[in-house]
1. Do the conditions hold for Tyr80, that is, is it modelled with pLDDT of 95 or more and either closer than 19 Å to Leu339 by Cα or open to solvent by 20 Å² or more (accessible area, probe 1.4 Å) (or both)?
2. In region 249-277, what residues are over 22 Å from Arg195 (Cα atoms) and part of a helix (DSSP H, G or I)?
3. Take Ser342 and decide whether it is within 30 Å of Ile71 (Cα to Cα), out of contact with any strand residue (DSSP E or B) (no Cβ under 9 Å at 6 or more places or on another chain) and among the hydroxyl-bearing types (Ser, Thr, Tyr).
4. Cβ-Cβ distance below 7 Å, separation of 6 or more or different chains: which pairs start in region 280-292 with a residue that is within 18 Å of Pro230 (Cα to Cα) and end on one that is open to solvent by 30 Å² or more (accessible area, probe 1.4 Å) and modelled with pLDDT of 95 or more?
5. For region 46-66, name all the residues that are crowded, with 21+ Cβ neighbours inside 10 Å and either farther than 14 Å from Arg115 by Cα or more than 24 Å from the chain's Cα centre (by Cα) (or both).
6. Out of curiosity, is Ile284 open to solvent by less than 30 Å² (accessible area, probe 1.4 Å), of a type in the set (Val, Ile, Thr) and under 30 Å from Asp349 (Cα atoms)?
7. How about region 434-467: which of its residues are surrounded by fewer than 18 Cβ atoms within 10 Å (Cβ to Cβ) and free of Cβ contacts under 8 Å to residues at least 40 places away in the same chain?
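The values are calculated or read from the model by the stated rules, or taken from the named source; none is laboratory data. Since the model is a prediction, treat every value here as computed from it, not as a measurement. Reconstructed Cβ throughout: ideal geometry from the backbone, glycine too, with neighbour counts over all protein chains shown. For the accessible areas, the whole protein counts, side chains as well, though only heavy atoms, and no ligand, DNA or RNA atoms are used. Shrake-Rupley method; radii C 1.70, N 1.55, O 1.52, S 1.80 Å.
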Amino acid sequence: MSVPAMSVHRAMADPFAWDEALLRRYDSHGPRYASYPTARSLRDDFGTPAYQDALARSNADGRPLSLYVHIPFCRKSCHYCACHKIATKATRVAEPYLSRLDREMVLIKRHLDTRREVAQLHWGGGTPTFLSLDQMSDLIDRLDARFGLSSARDRDYAIEIDPREADVFTLRHLQALGFNRLSLGVQDLDPRVQRAVNRIQPRILTEALLDEADRLGFRSLNIDLIYGLPLQTRDSFAATLEQVIAMAPARLSIFNYAHLPERFAAQRRIRADDLPGPEEKLAILRTTIAMLTEAGYVHIGMDHFARASDSLALAQREGTLQRNFQGYSSHAQCDLVGLGVSAISCLDDVYAQNHTSLAAYEAALDSSQLPTARGLRLTFDDRVRRHAIERLMCDMTLDLDELSETFGIEAPRYLADALSRLEALQRDGLVSVEGHRVVATPIGRLLIRHIAMAFDARLPPQPGPQFSRIV
C-alpha cells in the first residue's frame, strides 16, 4: 500500500523539510547519545570502590531514584538483535539469576539511602515477560523490600513486552504489580520481513494486548518498530504503519536498524543483499514521518514519536525532557541505578556498568562483590558538553546563556571549538545561530545526532562502524 503523494507532501511541507542529497551526505556513523560520554568511553580501571563513592555522593544530593532491571533471557533469538541476551526455553534458568539480582540489591542498599522515592522503574532485556507470573511477583517483592517502590500517581513504571510471550492475564498481573506503562516489541507486521528476522508475530497478538491494556487503563503504551530490516520496502512499511496507527498507541519508537554482523553474531543470519538500499531506506523514513505527522504524532527526536497529549511531548514543550540509556524520559533529575548483567548506572557525574558476561556477573556476586566492570567519572568538560548535547537532543535547541549560568562559564567562548564545527552545518541549513541560541532547522532535526557530534570532544576523528548510521 503506497502513501498518496499529496498526503506525503502535505505532511512534509510544514514540520519537516526534505533534501535527499543533504541527508545522504550527512548519513555518516555516529553515537546515539543515550549518554555523553558514550558507553565506549567507560574505563576498565573504574572499579567497585569508585561506584560505592558515587552512591554515597548520590545520597547527599537526594535526587529521586530510577531503577533499571535487565532480564537477559529470550525464548528465541531475533536475527536483528544487538542486545545482551541468552536464548533459552527453560524458565527455571531465571531462578538463580533472580537470586543474584537480589544479592546485588542487598549490596547496593548498604551504600544507598533507600528513603528516596523510586520515581521510575524499567524492566528491559532480553524479554522481561520471559519470567513466569510468580517470578515477576517475586522480583517486585524483592525490589520493594530493598528500595521501597512508589505508589504515586505520577510514577513511571514500565516494562518491555514481547507479545508472543504475554496475554491478557499477564497484563492484569503487571497492573497489579504496579506497572503503568508498557512497551511492545513489534518491529514489522509484514510476514515476509518477520520470517527474514526470525520473529513470527501475527498482528492479532499485538492488537489483543493493546486492547486489553487500554481497557485496564495503562497510562502510556509504546510500540517499537524497526526500519531498514531485510525485505522491507517503502510500501510494505507503510502498510505496517497504517495498521499500527489504527491501534492508536500513545508512543512509537521507530529505530534505524544498524547492520553490524562483525559485532553481533545473530545478525550474520541476515543476508546483506536483502537489506533495503540507501535510497529505499530514506524513502521508508520519509514515508514514516509523513504518515505519523498526518496521524497527529509529534516527532520528539531521532526515533521517538508521541501524541501531543503524551507526557513525552508535554515534557519537551516544558523543556524538562531527558535522555538516558532507555531513550527519552519525562522524569528529569533522577539518579539511575542499573541492576543485572550489562546494566549501566548513571549517578550525577558517574557512569558504571556491570559485567556483560553472565559468568563474570555471577562470580562477582557469589564473592559478595558488586559486579561493577567499568565506568567513568565525568570531568567538568564532560559535564558541560553532556548538558549541551542533551539539550540539543531533547529540545532541538541549545541556549548558550542558560549553559553559561548553569556552569559559571562564558559558553560561547568555552565551546568555541564546537561552534566553529557548526559553521559548515549552518551553511548547509542544518542549524541556525540566533544570538546565543543554536537551533536545529527542520532538516537538522532529522540529523540531530550529527549536530550533537560537533560538541563531542571524545569522538574519534572518523567515527566508523562502531557506531550506527545516523539515518
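1. no
2. Selection gives nothing.
3. In short, no.
4. Qualifying pairs under 7 Å: Glu280/Thr233; Glu280/Arg234; Ala283/Arg234; Ile284/Arg234; Thr287/Arg234.
5. Tyr51, Ala54
6. Judged against the criteria, Ile284 is not a match.
7. Once the filter is applied, which keeps residues that are surrounded by fewer than 18 Cβ atoms within 10 Å (Cβ to Cβ) and free of Cβ contacts under 8 Å to residues at least 40 places away in the same chain, region 434-467 yields Glu434, Gly435, His436, Pro460, Pro461, Gln462.
Per-residue answers, yes or no, for (1) aromatic (Phe, Trp, Tyr); (2) farther than 23 Å from Asp190 by Cα; (3) touching a residue at least 12 places away in the same chain (Cβ under 8 Å):
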residue: Pro230; (1), (2), (3): no, no, yes
residue: Tyr257; (1), (2), (3): yes, no, yes
residue: Asp274; (1), (2), (3): no, no, yes
residue: Met302; (1), (2), (3): no, yes, yes
